[in-house]
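One structure is given here, and the rest of the page talks about it.
Bear in mind that the values in this text are calculations on the coordinates, not laboratory data. Being a predicted model, the structure only gives us computed values, none of them experimental. Note that each Cβ is placed from the backbone with ideal geometry, even for glycine, and that neighbours are counted across all protein chains shown.
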Amino acid sequence: MRYNSVINRKLALLDSQVGKLETHLKNVSCSEFSESWVLRSMAERALQVAIEIVIDIAERIIAIEGAGPVATARDAIRKLTELKILANEQPYVKMVRFRNLIVHEYEEIDPKMLFELATSRLTDFTDFRVEIDYAQEANGPSSP
């Protein structure tokens, strides 16, 4: 079965978050980023929201597939790999780890690492979307 409209709306929101990060950080240097509380805060929040979307989509697909529940976000990513929806769990498990860092160890976020993630690792979100889209196409007609 194809995934429901909630998942499709979340995918659109994911696209929006990634697009906003790309737009607002275009032509920004790492030193500018490191010195700007506004840019760092924006990037942290946008990345956290994008990762939460990935986790939510994973959990919703698991429920639709009748393959859950799962105990943790990492387990949700692993389950999508087991279901052959994701080819490789590693980039997405790293996302979950980073989300945990933002949420639980927020006072120690390295600006250079954050800049790298917000400017060079956004393709991981695009890859996730492509894998979800492929799974939808492979599964036939849409459900409401």
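Over the chain, what relative contact order in percent results from Cα pairs under 8 Å that are six or more residues apart? Walk me through the intermediate numbers first.
Numbers: 122 pairs, mean separation 61.7, N = 144.
Normalised by residue count, the contact order of the chain is 43 percent.
Once the Cα gyration tensor of the range 1-66 is found, what semi-axes does its equivalent ellipsoid get, as square roots of 5 times the eigenvalues, in whole Å, sorted largest first?
Three semi-axes, in Å: 31, 11, 7.
Could you give the DSSP H helices of the chain that reach 27 angstrom or more along their long axis (alpha carbon positions) and whose average Kyte-Doolittle hydropathy is no lower than 0.0?
5-25, 37-64
Tell me, what is a quarter of the convex hull surface for the C-alpha atoms of the chain, in nm² with one decimal?
Convex hull of Cα atoms, orientation-averaged projection: 8.4 nm².
Return the aspartates and glutamates within reach of K112: Cα separation strictly under 13 angstrom, same-chain partners fewer than 8 residues apart disregarded; answer none if there are no such residues.
Partners within reach: E32, E35, E44.
Considering the dipole of the chain built from charges on the beta carbon (Lys and Arg +1, Asp and Glu -1) around the Cα centre, which of H24, I77, A43 is farthest to its positive end?
I77
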